[in-house]
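The values are calculated or read from the model by the stated rules, or taken from the named source; none is laboratory data. Worth saying up front: this structure is predicted, and the values here are computed from it rather than measured. Cβ atoms come from the backbone with ideal geometry, glycine included; neighbour counts cover every protein chain shown.
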2 protein chains.
Amino acid sequence: MLKGFNGIGQKESASGNQYLQVFSTLEQKLLPQKFSVATVAEIEEAVRLAETAFDAYKILTAENRAVFLETIAEEIINLGNDLIIIAMQESGLPEGRLLGERGRTIGQLKLFAATLREGSWVNAVIDTAIPDRSPIPRSDIRMMQVPLGPVVVFGASNFPFAFSTLGGDTVSALAGGNPVIVKAHEAHLGTNELMASAIKRAIEKCRIPDGTFSFVIGDGQVTGMQLVKHPGIKAIGFTGSFNAGMAIYKAAVNDRTEPIPVFAEMSSINPILLLPGKLQQDPLTVAGVIANSITLGVGQFCTNPGVLLLIDNDAAGVFIEHLIKLLSATPPALMLNPQVCTNYYKSFENITQQNGVKILYKSNNDASEYKGSAALLQASDVDFINNPALQQEVFGPSSLIVLCKNESTLLAAVQSLQGQLTATVFCDVTDMENYAACINVMSNKVGRILFNNVPTGVEVCHAMVHGGPFPATTDARSTSVGTLAINRFVRPLCFQDCPQEFLPDALKNENPLNIMRKINGRYTTEII
Amino acid sequence: MLKGFNGIGQKESASGNQYLQVFSTLEQKLLPQKFSVATVAEIEEAVRLAETAFDAYKILTAENRAVFLETIAEEIINLGNDLIIIAMQESGLPEGRLLGERGRTIGQLKLFAATLREGSWVNAVIDTAIPDRSPIPRSDIRMMQVPLGPVVVFGASNFPFAFSTLGGDTVSALAGGNPVIVKAHEAHLGTNELMASAIKRAIEKCRIPDGTFSFVIGDGQVTGMQLVKHPGIKAIGFTGSFNAGMAIYKAAVNDRTEPIPVFAEMSSINPILLLPGKLQQDPLTVAGVIANSITLGVGQFCTNPGVLLLIDNDAAGVFIEHLIKLLSATPPALMLNPQVCTNYYKSFENITQQNGVKILYKSNNDASEYKGSAALLQASDVDFINNPALQQEVFGPSSLIVLCKNESTLLAAVQSLQGQLTATVFCDVTDMENYAACINVMSNKVGRILFNNVPTGVEVCHAMVHGGPFPATTDARSTSVGTLAINRFVRPLCFQDCPQEFLPDALKNENPLNIMRKINGRYTTEII
């Protein structure tokens, strides 16, 4: 059923003579399908098509683009169980999880479609002319967000649907009016091919310009870098490791005549602050909720809680003891691919070798069957504050307890934290008052701050921020989940003294899209 | 009256032993006042103060910050005529122009104050909880924009008030809740000192945290770079040359552990497209308007029209002839400083030496008295398209006519354009229809597109975009003029399941600020 082709616009293309295959941790073998690595010429053609498609795609109406996104969602459903079977084989993820992730991916497409229909996301701002102003008249000045141009997307292995070929980056770029070229993730090339076929059919059905979507097969260093450095590319979305993200980011700035924005979501240890009032009340329940979050999906989430900060006291002792019990009762489970599994044990090992790190729990299982086992480490406040190596992400079901002597070392530990996607505070009302400074400092470091809840499970909604200060991402001013993600691939364009009939609908006097606009400083849906 | 100190927080400081002096093109001499170059320790102290001030300044109410900005405006007025006299001496700009610019600077402060009071700029988005959703409940998720942290501002010499110490970068950063450290522009150190004294008094009067504003004296390579590379700095605003802007941008990405955003406004040649219908109707008026724009302020504007694209025909001939006549009737005038004047003639000379460039008009005046004379060059469509050197900015009263054979070479010339702050189209309705493709491509290249009007004179308003694709700026997703500039120095922060009493006012159920918010996908000022 799979073909192993690249998708260069609507064309299936396999002109190269190199191939990739996918290793299945589920079947513990290399899968038979060969995928053709894109040639330099195929990549060049994908960019050329995207550039041509841009001028036609960007002027489609919001309604056209909304229908397009909804049609993609339908076509994903039409892929039926084949999609789930291949994704299970390639990712080792269980059926239930993949069905849920498919639902999320479809929901995401529909939410962006709804956002396009509502229309106000273009942030229309209008200052009307004042012809009789002295000493000089004021012009008519109007602005709105417009798309950047062809976007390259590098997906993640841990969400083969929701953060890959048809994930948030692709959907937000398409919603904003940008053609997309996906560098297919090497860990799930079959899943990529099926997802790409859904978008291909939607392009055909909705008569979207050819070249609005392409995907190419190959590795990051060669195939990926050819795209990153191509002058036709105007922005990049990436989810993955710190090293790969930084290589792309630096190439986009240093190895191009025209630097372009890179939205790389990289590494985060998602600190949890366990404040004493809350912990005192119910250490067992808190331990249960956190154990669940650490081991959910074999810890293979970018929001996995990798560090737990708490003040040393009796309740902390009870909490830690219970957490160890729960983690040791969690059976090892299949990881996504050999690299993820190897990296998990390697980065875990690296933390254990740091000064003062104590292993509280570690299973005797090893990585022979590509399974990840839960683990718990402990370090002192002083060691954590003085050693940035303890802030390295361990991608898997492990966490580090930082035992703080008192309120002031807890604050110092929080101050020493690098940028994060999330921080969580377990607290009662008294804690929130007593530790206000600590929570305030914590909020400077993160894209999302949670209260008495766990960071895993990122809601796709309008208010979500899945982003945060470096090294969590390369651009804290954006999110990769939720409808605000559309802002990454657009820029403001201002029209001065443009005749009504040539203005985009969003800026016309009669407000034909009935959107919320800022007119002379006041928000309104009124006509002018 | 001047002291020559650095302003390290509220403290006057001059602990170094190096000094700068300002050369006055008006008086053709080095001015006597010595300004103390900041030491490494003074710069370090300025950053330390800014970091400490941040946590206190960012939680001030919008009303506090609005009053602060208005108080700065009053204090500028209180500087009286001294400010104008020193600025004239240091910049060579005439009194009327400086009075106008002071008005613009004050108006800018008041517009940002009004934006803070209106309050909706924080872009509050709220998705309320759905506790009974299955399979899992939805959390309460709310987001708003929050400040980044200490911002460094590098001002421009051509607007000693509106784009310097108290210019748009400083005002938008302060409005957003960020402390600011200004690297004082070496060409107007006295003006900087007076402007800084106005903000110092406002900080005192409004009890703003010490360290919210500092300024340091020194050059870009040493003083500037120490700031750019300091881990305490979270963003940079810059207006100036391409080379200096790129040096800062690359250092901010490559020479820091944590890369930070750089908003550098650099170089732009602001193409004017003269379409045949319009030109046919009234070549003389169009020539008059354009000649004015080329020579306004001795061409020392970042929006100065540096290239005029038109199709060769009779009307074009009449237009060019008249433009030459008007430019040659414009007397040479004093430029800002020796560097600007030298660079003007040097970069002009460089263009004249390119293949096929014809000098249509050039005065016999030379640069001996630091005066800039108007000039007009001409190149063919083919030469312009094939030689990027013809797109180098010439900062001064000169422009290049690109004579195109026909519609298709005009389109090709537009396609070859690099990113620009502005593009202008002189057209009638028929032109707009006939050249729709050309105008569409042009809009991809610019931050602002104007119709039958000139790009010089940038309105400070809500809808203004003074920005654009590279090399006009390093970040096309922003503007340095108008209230949208506040978005450069903020980032989204998401609160999940945060108790009401601990939410910022902008996100509280009862909407105490009465701002426009997006609640469950719908824009409203309603309470929840």
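Answer yes or no as to whether residue B:292 is closer than 30 Å to residue B:92 by Cβ and under 20 Å from the mean Cα position of the chain (by Cα).
No, not satisfied.
Suppose we filter region B:118-134 for residues that are facing another protein chain (nearest Cβ under 10 Å) and in contact with a helix residue (DSSP H, G or I) (Cβ under 8 Å, 6 or more places away or on another chain); how many remain?
Residues meeting the conditions: 4.
Residue B:198 - would you say it is in a helix (DSSP H, G or I), touching a residue at least 40 places away in the same chain (Cβ under 8 Å) and within 23 Å of residue B:112 (Cβ to Cβ)?
Spelling it out, residue B:198 is indeed in a helix (DSSP H, G or I), touching a residue at least 40 places away in the same chain (Cβ under 8 Å) and within 23 Å of residue B:112 (Cβ to Cβ).
Only one of (1) within 30 Å of residue A:177 (Cα to Cα); (2) touching a residue at least 40 places away in the same chain (Cβ under 8 Å); (3) among the charged types (D, E, K, R); (4) surrounded by 21 or more Cβ atoms within 10 Å (Cβ to Cβ) fails for residue A:90. Which number is that?
Single failed check for residue A:90: (1).
Quick one: count up the residues across region B:485-515 that are facing chain A (nearest Cβ under 8 Å) and buried (at least 21 other Cβ atoms within 10 Å of the Cβ).
Count: 8.
Test of understanding: among A:450, A:421, A:400, A:410, which residue is more than 16 Å from residue A:304 (Cα to Cα) and either at pLDDT 95 or above or crowded, with 24+ Cβ neighbours inside 10 Å (or both)?
A:410
So, restricting to strands (runs of 3 or more DSSP E) that lie completely within region A:59-176, which ones have at least 2 residues that are within 29 Å of residue A:264 (Cβ to Cβ) and not charged (D, E, K, R)?
A:141-147, A:151-154
Of the numbered conditions (1) touching a strand residue (DSSP E or B) at 6+ places or on another chain (Cβ under 7 Å); (2) more than 23 Å from residue B:343 (Cβ to Cβ); (3) not small (Gly, Ala, Ser), residue B:302 satisfies every one except a single condition; which is it?
(2)
Would you tally the residues in region B:277-329 being surrounded by fewer than 20 Cβ atoms within 10 Å (Cβ to Cβ), hydroxyl-bearing (Ser, Thr, Tyr) and out of contact with any Phe, Trp or Tyr (no Cβ under 7 Å at 6 or more places or on another chain)?
1
Take region A:241-275 and flag every residue that is of a type in the set (Gly, Ala, Ser), over 30 Å from residue A:428 (Cβ atoms) and touching a strand residue (DSSP E or B) at 6+ places or on another chain (Cβ under 7 Å).
Of everything in region A:241-275, those that are of a type in the set (Gly, Ala, Ser), over 30 Å from residue A:428 (Cβ atoms) and touching a strand residue (DSSP E or B) at 6+ places or on another chain (Cβ under 7 Å) turn out to be A:245, A:252, A:264.
Mind checking which helices (runs of 4 or more DSSP H) fall wholly inside region A:214-326 and carry at least 1 residues that are farther than 30 Å from residue A:190 by Cβ and within 14 Å of another protein chain (Cβ to nearest Cβ)?
Once the helices (runs of 4 or more DSSP H) in region A:214-326 are filtered for at least 1 residues that are farther than 30 Å from residue A:190 by Cβ and within 14 Å of another protein chain (Cβ to nearest Cβ), what remains is A:242-254, A:276-281, A:283-295.
Just to be sure, is residue B:16 modelled with pLDDT of 95 or more, assigned to a strand (DSSP E or B) and within 29 Å of residue B:88 (Cβ to Cβ)?
So residue B:16 fails the test.
So which residues in region A:26-41 are assigned to a loop (DSSP other than H, G, I, E, B), in contact (Cβ under 8 Å) with a residue 60 or more places away in the chain and surrounded by fewer than 19 Cβ atoms within 10 Å (Cβ to Cβ)?
The answer is A:26, A:27, A:28, A:31, A:33.
Would you mind finding the one in B:288, B:299 that is under 30 Å from residue B:24 (Cα atoms) and either at pLDDT below 95 or small (Gly, Ala, Ser) (or both)?
Testing whether each residue is under 30 Å from residue B:24 (Cα atoms) and either at pLDDT below 95 or small (Gly, Ala, Ser) (or both) leaves just B:299.
Looking at A:162, A:247, which is the one that is of a type in the set (A, V, I, L, M) and surrounded by 24 or more Cβ atoms within 10 Å (Cβ to Cβ)?
A:162
Specify the residue that is surrounded by the fewest Cβ atoms within 10 Å (Cβ to Cβ); the eligible residues are those in region B:185-220 that are β-branched (Val, Ile, Thr) and over 19 Å from the mean Cα position of the chain (by Cα).
Looking at residues that are β-branched (Val, Ile, Thr) and over 19 Å from the mean Cα position of the chain (by Cα), I get B:203.
Among the residues of region A:415-433, which ones are within 11 Å of another protein chain (Cβ to nearest Cβ), polar (S, T, N, Q) and farther than 16 Å from residue A:290 by Cβ?
Once the filter is applied, which keeps residues that are within 11 Å of another protein chain (Cβ to nearest Cβ), polar (S, T, N, Q) and farther than 16 Å from residue A:290 by Cβ, region A:415-433 yields A:415, A:418.
Those residues that are touching a Pro at 6+ places or on another chain (Cβ under 9 Å) and either in contact (Cβ under 8 Å) with a residue 40 or more places away in the chain or more than 7 Å from chain B (Cβ to nearest Cβ) (or both), I need them from region A:453-481; list them, please.
Once the filter is applied, which keeps residues that are touching a Pro at 6+ places or on another chain (Cβ under 9 Å) and either in contact (Cβ under 8 Å) with a residue 40 or more places away in the chain or more than 7 Å from chain B (Cβ to nearest Cβ) (or both), region A:453-481 yields A:454, A:455, A:456, A:467, A:470, A:474, A:475, A:476, A:478.
Provide a single number: the residues in region B:13-25 that are surrounded by fewer than 16 Cβ atoms within 10 Å (Cβ to Cβ) and not polar (S, T, N, Q).
Of the residues in that region, 1 qualify.
Please count how many residues of region B:434-449 are assigned to a helix (DSSP H, G or I) and either within 18 Å of residue B:481 (Cα to Cα) or facing another protein chain (nearest Cβ under 9 Å) (or both).
6
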